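Q: So that we are looking at the same thing, I have put the structure below in structure tokens.
The values are calculated or read from the model by the stated rules, or taken from the named source; none is laboratory data. Quick caveat: nothing in here was measured; it's all calculated off a predicted structure. Note that each Cβ is placed from the backbone with ideal geometry, even for glycine, and that neighbours are counted across all protein chains shown. The protein model used for the area step is the full one, side chains on, heavy atoms only, and it has no ligands, DNA or RNA in it. Shrake-Rupley method; radii C 1.70, N 1.55, O 1.52, S 1.80 Å.
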Amino acid sequence: MNYDIKDPGLAPEGKKRIDWAEQDMPVLREVKKRFNKTKPLAGIKIAACLHVTSETANLMITLKAGGADTVLCASNPLSTQDDVAASLVVNEQIPVFAVNGEDNKTYFNHVNAALDLKPHITMDDGADLVSEIHKKRRELIKNVKAGTEETTTGVIRLKALAKQKKLTFPILAVNDAQTKHLFDNRYGTGQSTIDGIIRATNRLLAGSTFVVAGYGWCGKGVAMRARGLGANVIVTEINPVKALEARMDGFRVMPMMEAAPSSDFICTLTGNTEVVGAKVLMNIKDGCIISNSGHFNNEIDIGALDSMSKHKETVKNNVELYTLKDGRKVYLLGEGRLINLASAEGHPASVMDMSFANQALGAEYMLINAKKLARDVHVIPAEVDEEIARIKLRSLNVSIDALTARQKKYLESWEEGTE
Ligand code: ADE
């Protein structure tokens, strides 16, 4: 078996971590049980480019239980948990190509090593597999039946590819399932981003001015949790509806240029580029701590930060001090990469449970339906989404009401109105 990981000797620690996560993944456990019996993925090759975490390990084990032949590479150079990678290789015989801290060249070598499996299904978090196939590995297109995509940024990239009529197989936007983005993006990112910032800095949020750039589901989660810790939260947006939503959720809303001079923390979660660029840096408060929790490391213009600085030094793990030419200090966390995975452990297993149940069931759904689906970006059927929510509720011992026959009929009718 071919693989590239840091150290197979880390496997016992990784196994413990994978088991710990599994305890909090009841939906995925249920999927695994069925997959073990019915083997819906028998003979199917799946290449996954995901954050190599204990939660992802449980997904890979589930796919293998379903009969799939799998390979895993990292979807971010800093998010790999090396002990988890070791356990997948040593204990599960699942090939992994991922080493925490790998450089860009190694990152793409690993993506290509995963693609060497000649997958029938691609499973992306950020669309690097699909992008690489379309740019450089076009000989693989004929084998691919379908792909799945985990994250908002990846879905945006793939929709752009589909819009140009260049997408060559159907994609399932796992991100767009309600049981994904309402929980993973909001509560997952909300908690893990704050966790990452605190683990890196151990700074007090209470009483600080905390700027959240972007009020999508991820930004909403971070704004909510920063407020919960006593920060004075400012939201910046480019979308008028989201800006209004933030305002009515009780946050101050203003342009980034106005927010920067008073910010103790800035965290970007926009999915866009140069959100903190040279102009913002010229206005930034002395001592500001900048981090990113959007998918790619382009939300903060690190090139501008470099060229505006006279000195740069690592003050502690994941904290880089930039001294600007006028003497102001700016701290950049985790090289501007996803701070929740670079400096913490990503989203808790309880939310990844639903995200990855969507991935596993989504792979099964795409396998059955790929032939009849357009080469476009699709959403998972509402019944699958609701089934995931039902299993999760059951695991939490929560029961809910059901519509009566009379209520069902009422919802399907239009005749009844004012009485
Ligand atoms: N994305 C965010 N958190 C994650 C986690 N714990 N595992 C995999 N992907 C993630």
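Q: Being within 21 Å of Ser355 (Cα to Cα), open to solvent by 10 Å² or more (accessible area, probe 1.4 Å) and in contact (Cβ under 8 Å) with a residue 40 or more places away in the chain is the requirement here; does Ile121 meet it?
A: No: the conditions fail for Ile121.
Q: Residues being crowded, with 18+ Cβ neighbours inside 10 Å and either among the basic types (Lys, Arg) or under 22 Å from Arg337 (Cβ atoms) (or both): count how many of those fall in segment 224-266.
A: Adding up the residues that qualify gives 9.
Q: Taking segment 54-94, which residues are out of contact with any strand residue (DSSP E or B) (no Cβ under 6 Å at 6 or more places or on another chain) and within 13 Å of the ligand (Cβ to nearest atom)?
A: Within segment 54-94, Ser54, Glu55, Ala57, Asn58, Leu59, Ala74, Asn76, Leu78, Ser79, Gln81, Val84 qualify.
Q: May I pose another question? Among the residues of segment 212-223 satisfying the criterion of being within 15 Å of Arg247 (Cβ to Cβ) and of a type in the set (A, V, I, L, M), which is surrounded by the most Cβ atoms within 10 Å (Cβ to Cβ)?
A: Val212
Q: Out of Lys329, Lys372, Lys392, Lys409, report the one residue that is among the charged types (D, E, K, R) and touching a strand residue (DSSP E or B) at 6+ places or on another chain (Cβ under 7 Å).
A: None of the other options fit; the residue is Lys329.
Q: Among the listed residues Glu345, Glu386, identify the single one that is more than 16 Å from the ligand (Cβ to nearest atom) and among the acidic types (Asp, Glu).
A: Of the residues listed, the single one that is more than 16 Å from the ligand (Cβ to nearest atom) and among the acidic types (Asp, Glu) is Glu386.
Q: State all residues of segment 130-155 that are aliphatic (A, V, I, L, M) and surrounded by 17 or more Cβ atoms within 10 Å (Cβ to Cβ); if no residue qualifies, say none.
A: Residues satisfying the conditions are Val130, Ile133, Leu140, Val144, Ala146, Val155.
Q: Give the residues of segment 294-328 that are surrounded by fewer than 17 Cβ atoms within 10 Å (Cβ to Cβ) and in a strand (DSSP E or B), sorted by residue number.
A: Lys310, His311, Lys312, Glu313, Thr314, Val315, Lys316, Leu321, Thr323
Q: Here's something else I'd like to know. What number of residues within segment 127-155 satisfy the criterion of being in a loop (DSSP other than H, G, I, E, B) and out of contact with any Phe, Trp or Tyr (no Cβ under 7 Å at 6 or more places or on another chain)?
A: Summing the residues that are in a loop (DSSP other than H, G, I, E, B) and out of contact with any Phe, Trp or Tyr (no Cβ under 7 Å at 6 or more places or on another chain) in segment 127-155 gives 5.
Q: Residues that are under 25 Å from Ser293 (Cα atoms), in contact (Cβ under 8 Å) with a residue 60 or more places away in the chain and among the hydrophobic types (A, V, I, L, M, F, W, C), at least 2 per element: which helices (runs of 4 or more DSSP H) completely within segment 1-108 meet that?
A: Those helices (runs of 4 or more DSSP H) span 11-23, 82-92.
Q: Considering segment 331-384 alone, what residues qualify as being among the aromatic types (Phe, Trp, Tyr), over 15 Å from Lys145 (Cβ atoms) and open to solvent by 30 Å² or more (accessible area, probe 1.4 Å)?
A: Tyr331
Q: Go through segment 156-175 and count every residue that is closer than 20 Å to Leu338 by Cα and open to solvent by 50 Å² or more (accessible area, probe 1.4 Å).
A: Summing the residues that are closer than 20 Å to Leu338 by Cα and open to solvent by 50 Å² or more (accessible area, probe 1.4 Å) in segment 156-175 gives 2.
Q: Tally the residues that are surrounded by fewer than 18 Cβ atoms within 10 Å (Cβ to Cβ) and either within 27 Å of the chain's Cα centre (by Cα) or touching a residue at least 24 places away in the same chain (Cβ under 8 Å) (or both), restricting the search to segment 267-284.
A: Total satisfying the criteria: 7.
Q: Criterion first (out of contact with any strand residue (DSSP E or B) (no Cβ under 6 Å at 6 or more places or on another chain), within 15 Å of the ligand (Cβ to nearest atom) and open to solvent by 10 Å² or more (accessible area, probe 1.4 Å)) does Asp103 satisfy it?
A: no
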